[in-house]
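The values are calculated or read from the model by the stated rules, or taken from the named source; none is laboratory data. Since the structure is predicted, the reported quantities are computational estimates derived from the model, not experimental observations. Here the Cβ positions follow ideal geometry from the backbone for every residue, glycine too, while neighbour counts run over all protein chains shown. Just so you know, the surface numbers come from the protein's heavy atoms only, side chains and all, with ligands and any DNA or RNA stripped out. Shrake-Rupley method; radii C 1.70, N 1.55, O 1.52, S 1.80 Å.
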Amino acid sequence: MTGTDDTQAALSYTSYLALDEVLAAQRPRSDEHDELLFIVIHQVYELWFKQILHEAAFLQENLEAGNTAHSIRTLRRILTVLKVVVAQIDVLETMTPSQFTSFRARLDASSGFQSGQFRELEAVLGRRDERVFAHYPDGGEQRTRIADAMRRPSVFDSFLTYLSGQGYPVATDRDVTRPLEPSPELQEVLLKVYQDDGGPSVLAEALVDLDEGLQEWRYRHVKMVERTIGDKTGTGGSSGATYLRTTLFTPMFPDLWAVRSRL
């Protein structure tokens, strides 16, 4: 009888979703009405980043296994989640600058720059920039995860492995710890991929969609910061919107963009 009760408890909506812990995780540091919204939005961001990382790992597995259909479906899911992430900025922008200022000082040194999951996602997609470690102490879990991602093949490297498996003459011995750089030789291969107009070209376009979606997130993020704090120094001493502007229009997959003028 006890086993039955345990099973029922495990299957309850509240316990399965750990709602007691989730709903107790919002701990405002002021009495300001809008601080709860700020916390909820950023916690939801982190949950979506966790899901995108989960999907990206699955995407790489399927690319390296040569599974076109599963790779396309997984990329479409990532893109849909990313659209939700971008749309959440609309909710955050219902907060006026004065409403944010009312509790901003309570954030102390915390900053969105410290989102280890977003930095890990950038590394998974191909960013290789050790300057990001400035926000993470040696030996910390977040720093370790980001560093590990920088040492592994990126999503684009897995795509190259996929293309090689599909019979395209792609070099797969790239030093994956180095940033992705435009390659005229690879662009010639990508031209053939697009000319063949099969599953690999669909995947290539989905990767362009992903790159564009990430750039859209960056743009919406910087505009949200500008309208909220202008050019003030960001929380945690960051340069705020000034730094964020430098991240705009820098593609993760440069060859997929470079080849477009020749299609």
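Before moving on, here are some points about what is shown:
- Neighbours by Cβ (under 7 Å, 6+ apart or cross-chain): first from region 68-88, farther than 14 Å from residue 45 by Cα; second at pLDDT 95 or above and among the β-branched types (Val, Ile, Thr): 72/202
- Selection from region 19-50 of residues that are open to solvent by 60 Å² or more (accessible area, probe 1.4 Å) and touching a Pro at 6+ places or on another chain (Cβ under 6 Å): 36
- Any hit, region 147-158, residues being assigned to a loop (DSSP other than H, G, I, E, B) and on the phi > 0 side of the Ramachandran plot: no
- The criterion of being under 22 Å from residue 48 (Cβ atoms), open to solvent by 30 Å² or more (accessible area, probe 1.4 Å) and either assigned to a helix (DSSP H, G or I) or not hydroxyl-bearing (Ser, Thr, Tyr) (or both) holds for residue 223.
- The residues in region 203-217 that are in contact with a Leu (Cβ under 9 Å, 6 or more places away or on another chain) and open to solvent by 30 Å² or more (accessible area, probe 1.4 Å) can be counted, and the count is 4.
- All of (1) closer than 30 Å to residue 182 by Cα; (2) at pLDDT 85 or above hold for residue 93 with one exception: (1).
- All positions within region 170-193 that are part of a helix (DSSP H, G or I) and either aromatic (Phe, Trp, Tyr) or open to solvent by 70 Å² or more (accessible area, probe 1.4 Å) (or both): 184, 185, 188, 192
- Helices (runs of 4 or more DSSP H) completely within region 6-83 that count 2 or more residues being of a type in the set (Asp, Glu) and either modelled with pLDDT of 95 or more or farther than 30 Å from residue 126 by Cβ (or both): 19-23, 35-64
- Single residue of region 97-115 satisfying the filter (hydrophobic (A, V, I, L, M, F, W, C) and assigned to a helix (DSSP H, G or I)) that is modelled with the lowest pLDDT: 113
- Matching option when the condition is under 21 Å from the mean Cα position of the chain (by Cα) and open to solvent by 70 Å² or more (accessible area, probe 1.4 Å), among 117, 142, 166: 142
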